[in-house]
Amino acid sequence: MRHITTLCSLLACCAIHAGVTPTNVAQIVARSTGGTVSTIFKNTKKIYYINAQERIKTETLEAARRKMETLLKTPIEMKSGTFAFPKPTIEGELSLYVIDREDFPISLVAPEGRWAFVNVAPLTKGRGKKPQFLEARVKKEMARIACILFGNMGSSYKRNLMSFLSSAEDLDSFDSDNIPIDSLMRCSHYLLTLGVKPYRRVSYRKACEEGWAPAPTNDIQRVIWEETRQLPTKPIKIEFDPAKGK
């Protein structure tokens, strides 16, 4: 990646004198590298969201999972299961359950057990009787509890999802399930200590050279794809000659 960084620096310097915008610089770099692609580290630990209820559609939970995965740039998987309190099955390194129990609180985090749950039933009270409010509450509470499970307990920013909340109605005061950046940074640091690694992002050219790049999606990537496939697949061997000493 060093040559890409150097290329970016040189292009930025040239841009200052030529009046080129940062967007143009990014386009020039993309033409050289083919953009970036992501892959999962083979030895990374996993996070699971586990659907143990039927009231909320799977698509809603999937949207919450996908957003957190995007924010943390860390793979999170979803599966169906059952919640066995007080000792639920731990899937992967950390498990966030979504349950539907009238006798349980809105949420609970057990950091020592590496699990947490978000309970749909209490979120249905009041305005939560309306589907749009209920789904929004579930996504916000999933984001909030996930962050706590992932090692973050607050934020230095004023009034956000990581602030103290005393009821389901408090969730309605937030426009979305966004998480402040400092909370995400703390989560990423904690997850790394558990062996949960973020996606590895490299240039398309680098991925081609390593042999795992996806099929090209544009003309630039097709050119890089063809160039790298023409490279020798086996290293050239040079036999040692004792007579020449080399």
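According to the square roots a ≥ b ≥ c of the eigenvalues of the Cα gyration tensor, what is the shape class of the range 151-222, taking rounded for a/c under 1.5, prolate for a/b larger than b/c otherwise, and oblate for the remainder?
Here the range 151-222 falls in the prolate category.
State the extension gain, in nm to one decimal, for the chain segment bounded by Asp103 and Glu54, taking 0.36 nm per residue of separation less the distance between their alpha-carbons.
My answer for the length gained is 16.0 nm.
For Lys158 and Lys73 in one chain, what is 0.36 nm times their gap in residues minus the Cα-Cα distance, to one decimal in nm?
Computed gain between Lys158 and Lys73 is 28.2 nm.
So if we plug the beta-carbon distance of Val223 and Thr82 into 1/(1 + (r/R0)^6) with R0 = 41 Å, what FRET efficiency do we get, rounded to 0.05?
So, using R0 = 41 Å, E works out to roughly 0.20.
Calculate the spin-label point distance for Ala110 paired with Phe41, positioning each point 7 Å from the Cα along the beta-carbon direction, and give it in nanometres.
Going by the 7 Å Cα→Cβ label model, 2.8 nm.
How big is Rg to Rh over the range 90-146, alpha-carbon atoms, Rh as the Kirkwood inverse-mean-distance radius?
1.01
Are any of the pairs Lys73/Lys140; Lys79/Lys139; Lys67/Lys197; Lys87/Lys129; Lys42/Lys67 more than 24 Å apart by Cα-Cα distance, and if so, which? Show your work: numbers first, answer last.
Details: Lys73/Lys140 19 Å; Lys79/Lys139 17 Å; Lys67/Lys197 17 Å; Lys87/Lys129 30 Å; Lys42/Lys67 22 Å.
Violating the 24 Å limit, Cα to Cα: Lys87/Lys129.
For the range 141-189, what does the alpha-carbon gyration tensor say about shape, rounded, prolate or oblate, given a ≥ b ≥ c as the root eigenvalues, a/c under 1.5 as rounded, and a/b over b/c as prolate?
Values: a/c = 1.96, a/b = 1.63, b/c = 1.21.
The shape class here is prolate.
Bear in mind these aren't lab numbers, they're just calculated from the coordinates by the rules spelled out. All figures in this text were calculated on a predicted structure; none of them were measured in a lab. A quick note on method: Cβ atoms are made from the backbone with ideal geometry, for glycine too, and the neighbour counts reach across all protein chains shown.
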